[in-house]
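Here's the structure, in structure tokens; my notes come after.
The values are calculated or read from the model by the stated rules, or taken from the named source; none is laboratory data. A quick note: this is a predicted structure, and the numbers were derived from the prediction, not measured. Methodologically, a virtual Cβ is constructed for each residue, glycine included, from the backbone with ideal geometry; neighbour enumeration extends over all protein chains shown.
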Amino acid sequence: MFRLFRPRLAALLLLTVNGSLLTETKAQTPKTYTSSEILLGLKKLNVLGSVMYLAAHPDDENTRLIAYMANERLLETSYLSCTRGDGGQNLIGPELREGLGVIRTQELLAARRLDGGRQFFTRANDFGFSKTSDETFRIWDKEQVLADMVWVIRQRRPDVLITRFPPDARAGHGHHQASAILAAEAFDAAGDPKRFPEQLRYVQAWQPKRLFWNTGSFFVKPGENMDGYLRLDAGGYNPLLGQSYGEIAARSRSNHRSQGFGSAAQRGEALEYFQPVKGDKATKDLFEGVDQTWNRVPGGAAVGKLIEEVIRKYDPSNPSASVAGLLKVREEILKLHLNKVAPTATHGLRNNAAWIIQKTEEVEALIKASLGLYLEASTAQSTVTPGQVLEVNATVLNASQVPVLLESLSIQQFTNKLKFERPALITKAATIFNLKFVLPDSAAITQPYWLRKPNTTGMYVLPERLPVGYDTDDRAGHEGNAKKVEDLKSYNGPFDQVLSKQRMIGEPINPPAATAEFMVSISMDKDSKNKSFLKFEIPVQYKHTDPVLGELYQPLAVVPPVLVNLPPARSYVFADAQPKTVPVTLRAGRAGVSGRLALALPAGWKCEPATADFALAAKDEELTVNFQVQPLAGAAPGRAELRATATVAGQAYARGIQKIEYPHIPTQFLFPEAVAPLVKLDLKRRGQNVAYLMGAGDEVPDALRQIGYNVTLLEPKDLTAATLKKFDALVVGIRAYNTVDRLKTQQPEILKYIEQGGNVVVQYTVNRGTVMPEIGPYPMTLSSDRVTVEDATVTLTKHQLLAAPNKITADDFKDWVQEQGLYYPSKWDPKYQTVISSSDPGEAPKESAILVTDYGKGHYIYTGLSLFRELPAGVPGAYRLITNMISYGKEVAQ
């Protein structure tokens, strides 16, 4: 995936479920193909055109337009997202920041597998909501993000660029505006060899023909004249897929589950509007004047005619009858490369080679699909450590009558290449070959490449080099072919056994941990003298059978010999000098691991034991060591950190393992550092027992336990006045009024609890999609208002909530992370009292971050402060604030 412009006979461009060609098929059930999917791929083989969509986040893309371009216009269609969406919220689980970014990356890939596009990213970090592009560019490294856009454009060579957003305030989000501004600058810079010349070692400058803004009713004012816009109907029906593009788009967009974007299918006419921004004028079509045929490659007309002949003769009841014709197409494409097509004024050698290589991969994928050739590489282990032996089962099956021989089989760059005295005939009966290999000691763990180094607030920081789990030799590999493809190094640049940072940029995910290489040959004559050799690269995956879900596949993960796990998203908060238990769980990445575990603490802290020896006999065996940690008299107040480290054979290991598992994406592993916030603060509280209703998922309950509260998680059915009477307060989790439907029936009981003297704290609720019109005892109008600058100056009132049991000062709003608050009410009943006010630069103060009202004998508090982020991050002031909210109205301090 990371090797640029290599004619990988492995055919990484596999057919997706809707028949479009794309590269990301890792960790999925190996697919078989319908006749209609193969026919669509044949038609796409004869189209040489490219379009790229650009926006800011996962879920910003127009999935209907992507589905239309990829499956109706049959163009290479891609989506370049500036960020991975780390700064959003999560409706399906507790993961935030890096974990959420991984989920949203995989959700985009799942969407592309359905709509037929490819997926790319820049290094921009989604630091949270931003109101202006100026603010965004103060945090992003603008030049670096621009360079990344230019890099991807030069790689993919789109004829047309399309942005989702305008470059101004109409975009509604600073990241949105920034993506449009950068797209316009990238349009010019990509074609200028003086801009980012370091990229030209690998790619050539490329000038797209046009840039459009994909506008619509959400940007255009009623009655605005749209006569100057191009338009197209993207709502058509594809008979080969049996779906309209609106239906495909809904299924694609519904993969953004973490953001709650389940979508209904749209059928019938669906007009898309395009405002010209840069480039040549077009009056009728986005691709006006763009040659999308094989004629754009000098000498390519003959290829186009051969493909037309294959399509004309295609027999849907016997796709393998097309294999002979496809082999001729492949031979003709390879001739173009062997002839070293001369550069022209508009098409440089490398750009022509790129089309040749891409179409070689596509035709080989179609040959594989037409044969019904099933290739699989699986292992019974979900994880492997460097230096460990891994056993791989390679399965081959040929569903057609066409003779296919397995010439060789290997795990790339590893040991035990399996060769045959005579090539093995691949038959309709599945044949399984067993290979064993040793993972090199230098193999990198399966940490997403953009998370291998600490990031800045605005940018991912990539390693300079990354070891890879497969062969990086850049030759075409047509072993034994009569017309061997020559080495491409002369114009692609040298490659070595690692990925350089430049070649990582833009890639959605890591390469596979290991890849099986199947070299096969096909002969269409009776004496088998003239063979065509094809090499297919298949990722090695963990395969297992679930008693309920059946056969499942997930990526093979490379892990350290020992994993050091601290409880996730937990801060250790000390309001007194009493010791707390810090459990450190060791997990063996392989059998027979022993060493010593230690906890590193800042000055003024102590732990018992100081160290602990351990021995783990079996792989995946776990051992938990409980350290007792407490502050000494000299411990400085505020936030520090503790770190757990295991030493094995002189090597230190300080990363744990986090498994991210949801049904709509492949299982993912993260390896977070074994570090946790360590907080010493002066804290008083009133009340002891807290009921908590989970909403969209957060870590607030554990944070409350850290400061001494007894927290009980309640089900919605338990929200009765009688049940709640036992608790000093009810805290409602983030987005609960968006996600917990039963609240609309239980709300009278909650109000009754307040009326009888209870205390309710409601955390932020999104202003759209609430389960009921009123979430409080008196009217309030939720909005999208927020304060995005986390260190914005806060003005405090003299409200009692800020006075007891803890005196809240401006210092309590220091060192906040990502944002100060969100979804503040824009209007509220006079019975609500405001407590604080703050604002982003240049804006009027917002006073509704905390609203308090008395109701009967009790109290209701709504807060949009981002406590769900601040508490796990160990922000001292956040603990003091929520303690005051829970304690509000109580007289007896504890």
message: Can you confirm whether ARG195 is assigned to a loop (DSSP other than H, G, I, E, B) and of a type in the set (D, E, K, R)?
response: yes
message: Let me confirm something: among ASP613, ASP620, which residue is in a strand (DSSP E or B) and either among the acidic types (Asp, Glu) or in the same structural domain as PRO872 (by TED's automatic domain parsing) (or both)?
response: ASP613
Segment 363-378 residues that are of a type in the set (D, E, K, R), paired with ones that are buried (at least 24 other Cβ atoms within 10 Å of the Cβ) and part of a strand (DSSP E or B) (beta carbon under 6 Å, 6 or more apart): GLU364/LEU534
task: Please identify the pairs in which a residue from segment 76-96 that is under 14 Å from ALA55 (Cβ atoms) has its Cβ atom under 6 Å from the Cβ atom of a residue that is among the hydroxyl-bearing types (Ser, Thr, Tyr) and assigned to a strand (DSSP E or B), counting only partners at least 6 apart or on another chain.
output: TYR79/TYR53
message: Filter segment 841-882 down to the residues that are closer than 24 Å to LEU751 by Cβ and polar (S, T, N, Q) and list them by number.
response: SER848, THR853, THR863
statement: How many residues of segment 839-854 are surrounded by fewer than 20 Cβ atoms within 10 Å (Cβ to Cβ) and outside any loop (DSSP other than H, G, I, E, B)? The answer is 1
task: Could you grab me the full set of residues in segment 304-329 that are touching an Asp or Glu at 6+ places or on another chain (Cβ under 7 Å) and surrounded by 18 or more Cβ atoms within 10 Å (Cβ to Cβ)?
output: LEU306, GLY325
- request: Kindly provide the set of residues from segment 67-81 that are buried (at least 24 other Cβ atoms within 10 Å of the Cβ) and part of a loop (DSSP other than H, G, I, E, B), ordered by number.
  value: LEU75
- prompt: Residues of segment 427-440 being at pLDDT 90 or above and surrounded by 17 or more Cβ atoms within 10 Å (Cβ to Cβ), which ones?
  reply: PHE433
- prompt: Within segment 677-696, can one find any residue that is buried (at least 17 other Cβ atoms within 10 Å of the Cβ), modelled with pLDDT of 95 or more and more than 30 Å from GLY101 (Cα to Cα)?
  reply: yes
message: Tell me yes or no: at least one residue of segment 815-824 is of a type in the set (Val, Ile, Thr), buried (at least 16 other Cβ atoms within 10 Å of the Cβ) and touching a Lys or Arg at 6+ places or on another chain (Cβ under 6 Å).
response: yes
field: Unique residue being surrounded by fewer than 15 Cβ atoms within 10 Å (Cβ to Cβ) and touching a strand residue (DSSP E or B) at 6+ places or on another chain (Cβ under 8 Å) when the list is ALA603, ALA577
entry: ALA577
message: Here is a list: GLN177, GLN155. Which entry is out of contact with any Phe, Trp or Tyr (no Cβ under 6 Å at 6 or more places or on another chain) and modelled with pLDDT of 95 or more?
response: GLN177
Residue in segment 586-608 that is at pLDDT 95 or above, of a type in the set (Asp, Glu) and not assigned by TED's automatic domain parsing to the domain that holds THR883 present: yes
- prompt: Does any residue of segment 559-566 turn out to be in a loop (DSSP other than H, G, I, E, B), aliphatic (A, V, I, L, M) and buried (at least 21 other Cβ atoms within 10 Å of the Cβ)?
  reply: yes
